[in-house]
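Working notes, beginning with the structure itself.
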Amino acid sequence: MKKKATINNQFSKYIKWFWIAILGGTSTIILVFLLASWGVFGTLPSFEELENPEKNLASEVISIDGKTLGKYAFENRTPVKYKDLPENLIKALVATEDERFYEHSGIDFKATLRAVVKLGKDGGGSTITQQLAKLLFTGEGSKNLPERILQKFKEYVIAVRLERQYTKQEILTMYLNKYDFLNLAVGIRSASRIYFGKEPIDLTVSESAMLIGMLKNASYFNPLRRPVKVKNRRNVVLGQMYKNEFITSAEKDTLQQKELDLDINKEGHSDGSATYFREYLRDFMKKWIKKNPKPDGTAYNLHRDGLKIYVTIDSRMQNYAEEAMKEHMSNLQRIFFKEQKRNRTAPFYDLDKKLIAGTMTQAMKRSNRWRRMKKNGASEKEIRASFKEKTKMKIFSWKGDIDTILSPYDSIKYYKHILRSGLLSVEPQTGHVKAWVGGINYKHFQFDAVKQQKRQVGSTFKPFVYATAINQLNLSPCDKFPNTPYTIPKEKYGMPEDWTPKNSGEKYGGELTLKQALAGSVNVITAKLIDMVNPKNVVSLAKRAGIKSKILAVPAIALGSVDLSLYEMVGAYATFANKGLQVEPMMLLKIEDKNGTVLEQFIPNSKEVLSEESAYVVINLLEGVTDAGSGVRLRTQWGTYPDNVATGYPYKFTNPIAGKTGTTQNQSDGWFMGIVPNLATGVWVGAEDRAVHFEGITFGQGASMALPIWALYYQKLYADSTLTISQEEFEKPENLSIKIDCEGETTEEDETIDDIIEEDPEF
C-alpha cells in the first residue's frame, strides 16, 4: 500500500512538472511573441509600412506598341498583378514552398514543429508569408543562433500582421514581385523576361517550375552557372506539383525530360533595345524630375519610384533598324579592315606622323586610365609608359567581344579603325520618333550619333537650297541651268576670296534641269541657286525647318560645309513630307506614377515652313535622286564590286522614295536621307576621327556607306504586315501650278552625268 502511494506521488510529481513545462513553455512562447510584437527585440514595421511595403520599383520605358524597351532601376523590379500570373506558377509555388498556404494564418505550426523535431533537415518550416516578411522587413537570417531565434519570432509576428492586412492572392503576388532571381532579375516579371524572353502570363509549366525552384536559393540554383542542378531542382518542383495533384504523372514524366530552354535577354542599361535612346531619355527625365516634384514637394526618384514612361518608339521598327545597321556595318567593317592592310599609316589618311601622334595622345588623355593615373599622382612619363604595357582585355568585334592581350595604346588604335553609324526615323505627320539607333554598340561606344554628334552633312544640305529657290522664286524642276563653272565674287558676301566650286570629276557641259542637277548632286548649279536667293534666306528656311545649330550665312553651306546632327537633319527633312508643316520631333507620349496617375502628357509643336506646293516640288526633286541619281541603287541590282569583295544592291524598291545621298570631303562622312509619305529616316556612317575613312569613293560615298542601312531597314518594315509604312505616292496638291513633268529631259549626255556623279567631293 505504501509502495503504491509512493508511485502515485511520483506520478503526480511528473504530471505536475509536465504541466509546468507545457504551461511554462507556452507562456514563454506567448511572452516572447508579445515582446516581439511590442518591438522589444527590434523595431517592427509600422501600419503605413505594412500598407505600402513595395519599395525600389524600377521606372519602365514603354514603347508605343506596348513593349518594355528598358528600365531605370535601383533593383530591376517591375511589379505585376495577380491576374498577370499564370495559374501553373501559383500552383508550383504553393506545392513547393507552402502546401497548407490557404489553410494557415501566417504560421504553419505543424511545419514549424516538424522543423524543430528534425532540426531543419526537411526544411525550415517557413510559410510563404514568413518568407515575404523576411524579404520585406527582416532581411537575411543571422548566423548567430539566439539572434536568429529572436528574428524568427519577429517574422512570425510580421507574418500574422501581413495575413490580416492582405489577401492570400496579394501575399503571393508581393512575394513573387520581391524575390531576387539574380542576373538583374528582381521580381517574377524581370525573371520571366530575362530567362525566357516573355511576360509571366506566358510561362509554361516547365518554365514556372524552374523559376519556383530558384526560390530555395537563387545563388546556388543559378541557371547561367549551374544548369544541371537547376534542372534537377526544377524536377523536384514538378514532383511536388504531381504530389499535390496539379499535374498528372504523364505530364510530370514528360516535363522532367525537357531541357531548360533558356532564352536569355539581359536587361542591364547596356543591354536590350534602344540603348542610346534610353540614355538620352534618362537625361531628359532627370531634368523633368527637377521641374515636376511630387504633391508633397519631394522629388521623384527615377530608380525607385516606378514611373511609367510611355514613348513614341515602336519596338518592331527599333529592332529592324538595329538589325539593318548590324547587317551592313559588320560587312562594311570587314571591307575597311581589308583596305587598311595596304595603308602604312592605318587607320589614318591625310595625316603626317606628327599629327597622328597628336591624335593618339589626345585619345590617351581622354581615357579613364590617363585620368585615374594622373589623379593618383603619376607623372606623364609613367602614364605614357603604362599605355605600352600589354594587359588582358575584352575588345569589340562584330562576332562578339574578343578576349585578348593588347597594350592600351594598341587598343585605342584598334578602336580608331571601327566605323560608327547612326539612324533616326520620324513620322512626319506627328513628329513621333519611331526608331533611334545612336551607334553600333552602346557597351563599347557610348557617344550618341543621333543627337550628341554633329558632322558635316555634305550634299544632304542641298535640298534646303533648292527649297528656298522654289519657295522664293517659284522655280520648276524643269527649269534649266547651264552646267558650267560659276564664281561668286568675294565682295558679295564678305568672303576672303572668290568662291568657285567644282563638279565631281570636273565634268561640265550642256544644260541640266533642276531635277537632273539635284539627282546628280551638281555643285555649280547649287552654287548658282544659293547666289540667286542669298545664303541668309537658306539659313532662315533651315532654321524654320527645325535646325537649331549655328549656320553661317555663306555660299559654301550650299555644298554642306556645316556641321549638324542627324536629329536635326531628319526633323527638317520630315517637313518636306508633311506638306511644308514642320512638326518638332517628339519622343514622349506621357509619364505616369506607379499607381497609373498621369503626371504629364506631351503634344507636338508645329509651324509652317513652306507652302504645300513648294514642299511637294522638293519631294518631286528628291524622287529624282532615287529614280536616276546617286540614290538609284535603291532601284536596281548592281554587279559585284571591282575587287569582288561584295555583291551589289538587290533592293529593287518600286514605290516612290524621296532621298538624298551625301559624302563629305575625303569620304569622312557618308549620309543618306530617305522619305516615304509617312516615314522619314536618316543614316550617317563614319569613323570617330575624320582622318579615318575609305581611300576612294567606291566604298566611301554615302550611297555605299549609309544607303544600304536605309534599304535593309525599309525592306524589313515592308515585310512586316503589322506595320503600315506607306508605299503609296506622295499626295499631290490640288491645282498644282508649278510644272513637274519635264518632257524629253533624259539624253545620252545626261546618262553619262548619272554615271560620273555618284557623289561629289563637296569642296
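The values are calculated or read from the model by the stated rules, or taken from the named source; none is laboratory data. Remember, predicted model here, so these are calculated numbers, not experimental data. Methodologically, a virtual Cβ is constructed for each residue, glycine included, from the backbone with ideal geometry; neighbour enumeration extends over all protein chains shown.
If you go through segment 501-508 one residue at a time, do you hit one that is acidic (Asp, Glu), at pLDDT below 95 and under 21 Å from ILE740 (Cβ atoms)?
Within segment 501-508, not a single residue is acidic (Asp, Glu), at pLDDT below 95 and under 21 Å from ILE740 (Cβ atoms).
When VAL237 is evaluated against the numbered criteria (1) in contact (Cβ under 8 Å) with a residue 40 or more places away in the chain; (2) in contact with a strand residue (DSSP E or B) (Cβ under 9 Å, 6 or more places away or on another chain), which criterion, by number, is the only one it fails?
Going through (1) in contact (Cβ under 8 Å) with a residue 40 or more places away in the chain; (2) in contact with a strand residue (DSSP E or B) (Cβ under 9 Å, 6 or more places away or on another chain) one by one, VAL237 breaks only (2).
Would you be able to tell me the number of residues in segment 663-675 that are at negative phi and buried (at least 24 other Cβ atoms within 10 Å of the Cβ)?
9
Does VAL522 qualify as being β-branched (Val, Ile, Thr), in the same structural domain as CYS478 (by TED's automatic domain parsing), modelled with pLDDT under 95 and closer than 21 Å to ASN620 by Cβ?
The answer is yes for VAL522.
Condition check ((1) surrounded by fewer than 24 Cβ atoms within 10 Å (Cβ to Cβ); (2) in contact (Cβ under 8 Å) with a residue 60 or more places away in the chain; (3) farther than 28 Å from PHE445 by Cβ; (4) not assigned by TED's automatic domain parsing to the domain that holds GLY571) across all residues:
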residue	(1), (2), (3), (4)
ALA687	yes, yes, no, no
LYS716	yes, yes, no, no
THR724	yes, no, yes, no
GLN727	yes, yes, yes, no
GLU734	yes, no, yes, no
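How many residues, within segment 565-592, are assigned to a helix (DSSP H, G or I) and of a type outside the set (S, T, N, Q)?
11
If you check ILE356 against the conditions, is it assigned to a helix (DSSP H, G or I) and either modelled with pLDDT of 95 or more or under 26 Å from THR698 (Cα atoms) (or both)?
It is true that ILE356 is assigned to a helix (DSSP H, G or I) and either modelled with pLDDT of 95 or more or under 26 Å from THR698 (Cα atoms) (or both).
So, of the residues in segment 302-333 that are part of a loop (DSSP other than H, G, I, E, B) and among the β-branched types (Val, Ile, Thr), which turns out to be nearest to the chain's Cα centre (by Cα)?
ILE313
Could you list, in sequence order, the residues of segment 374-400 that are among the hydroxyl-bearing types (Ser, Thr, Tyr) and exposed (fewer than 13 other Cβ atoms within 10 Å of the Cβ)?
Matches in segment 374-400: SER379, THR391.
Counting only residues that are out of contact with any strand residue (DSSP E or B) (no Cβ under 6 Å at 6 or more places or on another chain) and among the β-branched types (Val, Ile, Thr), give me the helices (runs of 4 or more DSSP H) lying completely in segment 675-724 with at least 1 of them.
It comes to 697-700.
Kindly list, by first and then second residue, each pair from a residue in segment 515-528 that is within 18 Å of TYR493 (Cα to Cα) to a residue that is hydroxyl-bearing (Ser, Thr, Tyr), limited to pairs with Cβ atoms under 6 Å and residues at least 6 apart or on different chains.
If the second residue must be hydroxyl-bearing (Ser, Thr, Tyr), the pairs left are VAL524/TYR486; ALA527/TYR486; LYS528/TYR486.
Identify all residues within segment 594-616 that are in a strand (DSSP E or B) and either over 19 Å from ASP305 (Cβ atoms) or of a type in the set (A, V, I, L, M) (or both); write none if there are none.
If the condition is that a residue be in a strand (DSSP E or B) and either over 19 Å from ASP305 (Cβ atoms) or of a type in the set (A, V, I, L, M) (or both), then VAL598, LEU599, SER606, LYS607, GLU608 are the ones that fit.
Restricted to segment 419-451, and to residues that are under 10 Å from PRO585 (Cα atoms) and among the hydrophobic types (A, V, I, L, M, F, W, C), which residue is surrounded by the fewest Cβ atoms within 10 Å (Cβ to Cβ)?
VAL433
Considering only segment 468-475, I want to know if a residue exists there that is surrounded by 15 or more Cβ atoms within 10 Å (Cβ to Cβ), touching a Lys or Arg at 6+ places or on another chain (Cβ under 6 Å) and not charged (D, E, K, R).
Checked segment 468-475: no residue is surrounded by 15 or more Cβ atoms within 10 Å (Cβ to Cβ), touching a Lys or Arg at 6+ places or on another chain (Cβ under 6 Å) and not charged (D, E, K, R).
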